[in-house]
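To start, the structure itself, in structure tokens.
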Amino acid sequence: MTGAAQLLVTGLSKRYASRNVLSSIDMAVQSGLVAVLGPNGAGKTTLLRCLATVIQPSDGRILVDGLDPRNEAERIEIRRRLGYLPQELGGGAGANAFDVLDYIAVLKGMRDDRLRRRAVFDSLDRVGLADRAGDRLHDLSAGMRRRLGVAQAILGSPTLLVLDEPAAGLDPDERFRLREIVAARRTNATTLISTHLTDEAAVCDSVMVLSGGSVRFVGTPQRLESVAQGRTWVQPELPPPTVRASWRLADGRYRCLGVAPPHADLIEPTLEDGYLLIQPRPGEAA
């Protein structure tokens, strides 16, 4: 498969009983890296599970290259084009790393045993697990299982990648390797990555910020960073509770976010500053 998938989402909502988990999500993207950024409980995993055709939305529509997952035949075709990393990696009791990927390869329609085996080992090699192919899942560390999940997602060069918290449990070296793997498919796949880490979002092409199941922001990392321009400063004294957020620095000063006082010592903002400023205050509707 060649060419990044075109993903179109309109009015997507998801309810469980009387609780709204997602409300009227719209999205249109083809190629590149999209970070779905938000705190725990924001609705990130639910959104990605809908996009991965694991669950159906309560309202709205999802199209992947014009294919509608509500149609069974089209849903099967979407899954052939899809690479999905859930939060929890599946696998039967006693399964080894090779077995897990080989099963996914069969589901993706890889019938030729030789070509399928080559594809499985290629994916394992790309995440540094080729020498652990025969290891059972319970013998792998948490970080290795996460890397195996990434190998599962990239198997078969999918044109749509949906990765739910891919950096969870990875050490700095492993996170760097993950960035390399994902970045290498920047033009050949449309990739959505859910995260609550702003440094992961900073290397993406665009960012969607979710809070309480609603979209708070859509744009480039640079634009999110600019939200805090002129609203980030340092001061020597303890700030009043009216500031949006503050914390003490190593030199004893306080870094503050919010409405800067006159003659404030303004500093250049970060993406995290912009992200914190668009989050609703406690008790405020998302």
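Some observations on this one:
- When V203 is tested against (1) more than 19 Å from the chain's Cα centre (by Cα); (2) assigned to a loop (DSSP other than H, G, I, E, B), exactly one condition is not met: (1).
Residue-wise test of (1) within 25 Å of N188 (Cα to Cα); (2) among the β-branched types (V, I, T).
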site	(1), (2)
K14	no, no
A17	no, no
I25	yes, yes
A28	yes, no
A42	no, no
T53	yes, yes
L67	yes, no
E72	no, no
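- Only listed residue being open to solvent by less than 20 Å² (accessible area, probe 1.4 Å) and either more than 21 Å from V29 (Cα to Cα) or free of Cβ contacts under 8 Å to residues at least 24 places away in the same chain (or both), chosen from L238, L271, L249: L271
Listed here are the residues, each with its yes/no results for (1) of a type outside the set (A, V, I, L, M); (2) modelled with pLDDT under 95; (3) on the phi > 0 side of the Ramachandran plot.
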{"residue": "G3", "(1), (2), (3)": "yes, yes, yes"}
{"residue": "Q6", "(1), (2), (3)": "yes, no, no"}
{"residue": "I25", "(1), (2), (3)": "no, no, no"}
{"residue": "D68", "(1), (2), (3)": "yes, no, no"}
{"residue": "E88", "(1), (2), (3)": "yes, yes, no"}
{"residue": "N96", "(1), (2), (3)": "yes, yes, no"}
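- If the condition is being open to solvent by 30 Å² or more (accessible area, probe 1.4 Å) and of a type outside the set (V, I, T), then the stretch 175-190 contributes R175, F176, R177, R179, E180, A183, A184, R186, N188.
- Residues (without any contact (Cβ under 8 Å) to a residue 24 or more places away in the chain, under 12 Å from P236 (Cα atoms) and open to solvent by 30 Å² or more (accessible area, probe 1.4 Å)) located in the stretch 252-268: R253, Y254, R255
- Reported count of residues in the stretch 160-174, each being part of a loop (DSSP other than H, G, I, E, B) and either surrounded by fewer than 24 Cβ atoms within 10 Å (Cβ to Cβ) or without any contact (Cβ under 8 Å) to a residue 40 or more places away in the chain (or both), is 6.
- Among the residues of the stretch 113-132, none qualifies, meaning not one is out of contact with any helix residue (DSSP H, G or I) (no Cβ under 7 Å at 6 or more places or on another chain) and outside any helix (DSSP H, G or I).
- Residues of the stretch 39-58 classified as at negative phi, surrounded by 15 or more Cβ atoms within 10 Å (Cβ to Cβ) and in contact with a helix residue (DSSP H, G or I) (Cβ under 7 Å, 6 or more places away or on another chain), total: 1
- Subset of the stretch 9-55 (residues that are hydrophobic (A, V, I, L, M, F, W, C), part of a loop (DSSP other than H, G, I, E, B) and either touching a Cys at 6+ places or on another chain (Cβ under 6 Å) or within 21 Å of P166 (Cβ to Cβ) (or both)): A42, A52, V54, I55
- A single entry from I78, I104 fulfils the requirement of being more than 21 Å from V127 (Cα to Cα) and not in a loop (DSSP other than H, G, I, E, B): I78.
- Tabulated pairs, the stretch 118-137, first of a type in the set (S, T, N, Q), second assigned to a helix (DSSP H, G or I), C-beta under 9 angstrom, 6+ apart or interchain: S123/L101; S123/A105; S123/V150; S123/A151; S123/Q152; S123/A153; S123/I154
- Test result for R61, more than 14 Å from T159 (Cα to Cα) and open to solvent by 30 Å² or more (accessible area, probe 1.4 Å): yes
The values are calculated or read from the model by the stated rules, or taken from the named source; none is laboratory data. On a predicted model such as this, the values are computed, not experimentally measured, just so you know. Cβ atoms come from the backbone with ideal geometry, glycine included; neighbour counts cover every protein chain shown. Accessible surface is based on the protein model in full, side chains and every heavy atom, while ligands, DNA and RNA are left aside. Shrake-Rupley method; radii C 1.70, N 1.55, O 1.52, S 1.80 Å.
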